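**Student:** Please find one structure pasted underneath; my questions will follow.
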Amino acid sequence: MTTPFEGPEKKLEIILSRPVPDLRSNTDSRWDRIIEASYSEIISAASTPVMDAYLLSESSLFVWDDRILIITCGQTNLIHAIPEILGVVDEADIAFLFYERKNLMYPESQLSDFETEAAQISNFFPGKSYRLGPANHDHVHIYYSSHASIHAGDDATLEILMHDLHPDAMSMYTPESGYCADDIVSLTGIDKLYRDMTFDSFLFEPFGFSLNAINGASYFTIHITPQSTGSYASFETNQVNNNYMELVNRVLHIFQPAKFTFVLTSSVNNPRISVNTPLSENIDGFSPTEKSLYELDCGFQVKFSNFICC
């Protein structure tokens with residue numbers, strides 16, 4: 001029996017202490033090698049003057065002059081990409097490394113677990129690991145390593161990790177639906193989540209959909225595994241909002257999950273984001289089952305919440 005596809009992602013982010021002007025170059029196929037080391041491959045790319053966004057066979061890669069973000073799903077292993085990254089980035093220039101892995105639906109099919117991966121990362125970058133959320137329900141593991149004082153500034157990342165999506169909302173995410181990737185972007189309203197974005201999207205065989213949307217240094221990315229068993233969709237953006245609630249409600253309306261996890265990572269002193277906003281009063285049709293706030297000793301804080309449909 002074939003194991004259903006594992007949608008929940010792993011994420012590796014590296015922030016440099018200084019811009020590296022040629023970091024974005026792929027003339028030597030550096031990014032192909034890095035992604036192949038994680039057991040994925042690049043399928044398309046889009047760029048702005050300050051960043052490059054790659055769609056992968058399993059999720060996305062984003063590269064700026066001063067940071068790298070890789071998001072992968074399935075049976076990928078991002079730890080194997082670290083030695084390749086160190087072949088193009090001087091270890092002394094790495095100010096901050098962040099690794100995240102959500103609890104998976106089919107962990108027995110993975111090549112390794114979080115504890116093993118955290119131990120492997122620590123061989124390169126000693127750091128700390130945490131579990132955000134309850135052990136026996138949806139949670140997120142993080143590992144971070146801070147090597148220099150970094151100014152978090154307006155940095156913020158919002159993740160909406162959605163499970164058990166309504167079948168009607170998932171019906172178009174297979175080639176048999178007759179829709180192409182561009183159709184899906186416009187018909188679902190994904191193109192209206194943020195204005196003035198450049199879209200790069202792909203509809204997979206036999207199912208699945210990925211999208212990168214970019215403008216300047218900003219992105220949002222969406223990944224969907226619509227199979228009836230273990231359906232999952234993720235939304236992530238680095239665009240800073242004073243209040244994310246309207247955006248969250250619009251994303252939930254598109255994908256109609258039965259439950260979701262909200263993760264907001266931001267600077268501790270970011271005046272534009274209030275992490276104390278009570279989400280439960282503003283999420284249409286959902287009630288919270290877990291709410292936590294974690295302040296890390298590296299200038300960032302993480303707000304974590306689980307919600308179920310009510």
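**Student:** Looking only at region 168-190, filter to residues that are crowded, with 17+ Cβ neighbours inside 10 Å and of a type outside the set (A, V, I, L, M); which one of those is nearest to Asn249 (Cα to Cα)?
**Tutor:** Thr188
**Student:** Something else now. Can you find a residue that is outside any loop (DSSP other than H, G, I, E, B), touching a Ser or Thr at 6+ places or on another chain (Cβ under 7 Å), touching a residue at least 40 places away in the same chain (Cβ under 8 Å) and closer than 30 Å to Ile308 by Cα anywhere in region 116-136?
**Tutor:** yes
**Student:** Say we look at region 241-264 and pick out the residues that are at negative phi and assigned to a loop (DSSP other than H, G, I, E, B); which of these is modelled with the lowest pLDDT? Working first, answer last.
**Tutor:** Narrowing region 241-264 to residues at negative phi: 241-255, 257-264.
In the following step, the residues that additionally are assigned to a loop (DSSP other than H, G, I, E, B) were identified as 241-244.
Details: Asn241: 84, Asn242: 79, Asn243: 82, Tyr244: 89.
That would be Asn242.
**Student:** Could you please find all residues in region 27-76 being more than 18 Å from Ile224 (Cβ to Cβ) and touching a Gly at 6+ places or on another chain (Cβ under 9 Å)?
**Tutor:** Arg30, Arg33, Ile34, Tyr39, Thr48, Pro49, Val50, Met51
**Student:** Sticking with this one: List the number of the failed condition for Asn270; all other conditions in (1) closer than 26 Å to Ser47 by Cα; (2) touching a strand residue (DSSP E or B) at 6+ places or on another chain (Cβ under 7 Å); (3) at pLDDT below 95; (4) polar (S, T, N, Q) hold.
**Tutor:** Failed condition: (1).
**Student:** While we're on this one: Looking at region 114-139 only, could you name the residues that are loosely packed, with under 14 Cβ neighbours inside 10 Å and of a type in the set (Asp, Glu)?
**Tutor:** Correct list: Glu115 only.
**Student:** Counting residues that are over 25 Å from Leu296 (Cα atoms) and touching a residue at least 40 places away in the same chain (Cβ under 8 Å), which strands (runs of 3 or more DSSP E) fully inside region 1-114 reach at least 1?
**Tutor:** Details: elements: 10-16, 42-48, 51-56, 59-64, 67-72, 94-102.
The qualifying strands (runs of 3 or more DSSP E) are 42-48, 51-56, 59-64.
**Student:** Which residues, counting only those in region 173-212, are of a type in the set (A, V, I, L, M), within 30 Å of Asp65 (Cα to Cα) and in contact with a helix residue (DSSP H, G or I) (Cβ under 8 Å, 6 or more places away or on another chain)?
**Tutor:** Of everything in region 173-212, those that are of a type in the set (A, V, I, L, M), within 30 Å of Asp65 (Cα to Cα) and in contact with a helix residue (DSSP H, G or I) (Cβ under 8 Å, 6 or more places away or on another chain) turn out to be Val185, Ile190, Leu193, Met197, Leu203, Leu211.
**Student:** Take the residues of region 140-157 that are of a type in the set (Gly, Ala, Ser) and surrounded by 18 or more Cβ atoms within 10 Å (Cβ to Cβ): which is modelled with the lowest pLDDT? First the steps, then the outcome.
**Tutor:** Of all residues in region 140-157, those of a type in the set (Gly, Ala, Ser) come to 145-146, 148-149, 152-153, 156.
Keeping just the survivors that are surrounded by 18 or more Cβ atoms within 10 Å (Cβ to Cβ) gives 145-146, 152, 156.
Details: Ser145: 94, Ser146: 89, Ala152: 53, Ala156: 89.
Looking at the filtered set, the residue picked out is Ala152.
**Student:** Moving to a separate point now. Looking only at region 223-240, filter to residues that are assigned to a loop (DSSP other than H, G, I, E, B) and not β-branched (Val, Ile, Thr); which one of those is nearest to the chain's Cα centre (by Cα)? Full working, then the answer.
**Tutor:** So the first thing to find is which residues in region 223-240 are assigned to a loop (DSSP other than H, G, I, E, B), and the list is 226-231, 238-240.
Next cut, not β-branched (Val, Ile, Thr) only: 226-228, 230-231, 238-239.
On the way: Pro226: 17, Gln227: 20, Ser228: 22, Gly230: 18, Ser231: 17, Asn238: 10, Gln239: 13 Å.
Among those that are assigned to a loop (DSSP other than H, G, I, E, B) and not β-branched (Val, Ile, Thr), it is Asn238.
**Student:** If I go through region 190-213 residue by residue, how many of them are closer than 19 Å to Pro8 by Cβ and either of a type in the set (Ser, Thr, Tyr) or in contact with a His (Cβ under 9 Å, 6 or more places away or on another chain) (or both)?
**Tutor:** Matching residues across region 190-213 total 4.
**Student:** In addition: Report yes if Asp183 is in a helix (DSSP H, G or I), under 17 Å from Ile222 (Cα atoms) and at pLDDT 90 or above, otherwise no. I'd like the intermediate steps shown before the answer.
**Tutor:** On the way: in a helix (DSSP H, G or I): yes; under 17 Å from Ile222 (Cα atoms): yes; at pLDDT 90 or above: yes.
So Asp183 fits the description; yes.
**Student:** Is one or more of the residues making up region 208-229 farther than 25 Å from Asn103 by Cα and touching a Leu at 6+ places or on another chain (Cβ under 9 Å)?
**Tutor:** The first filter runs over region 208-229 and keeps only residues farther than 25 Å from Asn103 by Cα, leaving 213-218.
Right, trim to touching a Leu at 6+ places or on another chain (Cβ under 9 Å) and you get 213.
Yes; the residues of region 208-229 include at least one that is farther than 25 Å from Asn103 by Cα and touching a Leu at 6+ places or on another chain (Cβ under 9 Å).
The values are calculated or read from the model by the stated rules, or taken from the named source; none is laboratory data. Quantities reported herein were computed from a predicted structural model and do not represent experimental measurements. Ideal geometry is used to build each Cβ from the backbone, glycine not excepted, and the neighbour counts take in all protein chains shown.
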